[in-house]
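Worksheet: one structure, shown below.
The values are calculated or read from the model by the stated rules, or taken from the named source; none is laboratory data. Note that the structure is predicted; figures quoted are calculated from it, not measured. Reconstructed Cβ throughout: ideal geometry from the backbone, glycine too, with neighbour counts over all protein chains shown.
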Amino acid sequence: MFRKMFNYNTINLMLIKNSQRVLALMLLSLHTFLIWGGNADYLQQTFFLCTYALFLLWQPIWRSTERLSKPALFLFIGVGILGFLYINWWLTALWLSILFGLLGGRIFSEETKANRVIHILAASYLLAMLLLWVVPRLLNAANDLEAANFIIRYFMPLLPIIILFIGNHVSKSGQLPVLDFFYTLLLMLVALILVLGSYAIGSVNTVNYIQVMFITIFSLAFVLIAFSMLWQPSVRFSGVELLMSRYLLSIGMPFEKWIKNIASLGEIESTANGFIQAAMVEMTSLPWVSGVSWLADDTQGKLGESSKHQTNFNFKDFHMTLHTNWQISPALYVHVKLLTQIMGEFYDAKRREETLRQNAFMQAFYEAGSRLTHDIKNILQSVGTLVSAADQSEDRDNDALLKLIRKQLPVLNQRIGATLDKLKAPGEYKKRLEKMSAWWKNLQLRHTQDHIDFIACELPNHDINAEVLDSVIDNLINNAIEKAKYQPSTLITIEMQSDSEQRFYIDVTDTGKAMDAAIANDLFKKHIVSHNGLGVGLYHAAQDAKQAGYSLSLDSNVNGSVRFRVVLTPQKQF
């Protein structure tokens with residue numbers, strides 16, 4: 001088995017490397033068949049079989065390693081039998097036209113200059129023999145080219161002989177270029193037009209064959225030149241190329257109108273299921289569609305009537321079965337497949353929009369929940385401070401403790417009330433205004449037991465948003481206190497000062513170690529990883545400060561001086 005496979009591969013590789021030599025031998029055999037095969041029937045049949053055998057070795061459609069199907073095998077055998085029994089000048093003209101199309105089509109698919117020259121020489125030989133030898137015998141006008149017989153007989157074979165000595169270029173994959181069906185068919189039709197046109201003109205008019213040939217060639221050239229001029233677009237005419245492209249894109253349906261309607265549905269429909277149902281209604285409006293059924297994720301539906309002609313189209317998670325009045329052609333299948341992909345892309349875009357809306361909705365809940373959690377945490381920490389002060393106080397401090405509790409409980413009650421209001425209506429924003437001097441004194445009272453140094457210049461008599469400042473400053477103080485638990489020598493300082501622009505600063509400074517640069521860079525931009533919390537406190541504190549017209553920043557981040565600064569801008573709040 002492996003030996004057979006090795007032999008097949010070896011033969012195939014040898015044929016590919018020497019394809020130009022096989023082609024040259026086929027043309028030489030064809031020349032012998034044309035020139036000397038007509039003298040006797042048995043010679044004609046023998047030379048035809050020799051030419052046909054060499055053609056089967058050279059032919060660019062099936063490779064020698066491929067297994068021929070039964071229809072292809074019957075086709076090859078049938079052509080051989082037909083040519084052996086009934087060969088004549090008409091079949092010869094058809095045979096040369098087919099060979100001219102096969103060789104001419106290869107000219108446009110070749111990449112190397114040597115291979116292109118080989119096929120140009122071969123196609124030129126075939127066209128010359130067709131017009132100078134075969135067609136004159138169809139018209140019984142061989143005597144009109146008697147002077148050229150010597151050149152045709154003995155100089156035309158030089159073209160195949162030259163091909164023998166030109167080395168062809170084989171691709172690294174060992175495969176010949178793909179046959180261009182369109183150019184092959186076009187060139188074959190051109191050759192047939194030359195044959196039939198020459199025969200028609202020569203039969204109607206009793207003129208010399210040379211005149212017939214010139215009339216046919218120049219008439220065809222004029223038609224091709226006119227068509228090439230119409231092919232390209234101009235100012236007054238859009239061009240045959242554009243018209244043909246639009247026709248190919250509109251096989252069975254108005255492509256531009258359909259795409260425009262689908263794009264409009266994409267703008268109108270807000271959900272993926274709504275879009276796909278509207279698109280299916282648009283699909284059933286086509287005259288050759290009797291019904292359609294589809295399955296998209298967990299959604300399925302059916303419109304119209306079923307038919308015996310069904311075609312399935314799939315694109316990612318979108319599956320569609322099209323019921324048509326007749327079996328759709330391969331070209332229309334490719335066309336509908338493209339439209340299915342467009343619908344699938346729109347459907348995926350709608351699903352992504354729904355996912356983004358859902359994520360935004362959940363993000364809003366998460367933001368509101370984490371912000372309220374942060375506020376409740378600060379309130380509980382303030383309550384914990386009061387409880388700690390009560391536990392550490394002695395009997396002689398009862399009056400001072402009672403005074404502290406009386407002052408702080410109303411403030412805590414207001415903060416709890418504001419938090420409950422946020423829980424009921426997260427979108428509403430309410431202020432709790434308070435004099436800055438009073439707020440500063442309450443802040444010192446709440447943190448009497450925390451060993452914090454408070455430094456302040458002359459306190460301004462302005463109203464501030466106490467709700468926001470309590471949340472922001474308590475968060476900074478609690479973080480510093482938590483840091484001091486792991487670094488016992490850390491000192492905490494809160495300082496209020498002003499500048500020449502009447503702006504006030506509240507600095508919360510500790511003498512601990514600096515934060516990592518990566519954490520400091522993302523501190524107020526997003527949630528960060530925290531070892532003892534949710535990692536959202538400073539993020540929401542910065543958002544609350546910005547909403548109130550304040551700003552929170554990391555003013556210093558060095559060992560021994562980690563300072564957070566809250567800037568109060570008077571013109572935005574007073």
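Figures for the structure shown
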| item | result |
| --- | --- |
| Strands (runs of 3 or more DSSP E) completely within the stretch 436-499 that count 3 or more residues being over 54 Å from the mean Cα position of the chain (by Cα) | 452-456, 492-498 |
| Condition met for E467 (surrounded by 15 or more Cβ atoms within 10 Å (Cβ to Cβ) and modelled with pLDDT of 70 or more) | yes |
| L303, sole failed condition from (1) touching a helix residue (DSSP H, G or I) at 6+ places or on another chain (Cβ under 9 Å); (2) surrounded by 15 or more Cβ atoms within 10 Å (Cβ to Cβ); (3) over 25 Å from R351 (Cβ atoms) | (3) |
| Any helices (runs of 4 or more DSSP H) falling wholly within the stretch 206-296 and containing at least 1 residues that are of a type in the set (A, V, I, L, M, F, W, C), out of contact with any Lys or Arg (no Cβ under 6 Å at 6 or more places or on another chain) and modelled with pLDDT of 75 or more | 209-231, 255-268, 272-284 |
| Options E495, E458; residue that is under 15 Å from K435 (Cβ atoms) and of a type in the set (D, E) | E458 |
| Those residues of the stretch 522-546 which are in a helix (DSSP H, G or I) and either modelled with pLDDT of 80 or more or not polar (S, T, N, Q) (or both), in sequence order | G537, L538, Y539, H540, A541, A542, D544, A545, K546 |
| Subset of the stretch 43-65 [over 14 Å from H31 (Cβ atoms) and either part of a helix (DSSP H, G or I) or modelled with pLDDT of 85 or more (or both)] | Q45, T46, L49, Y52, A53, L56, L57, W58 |
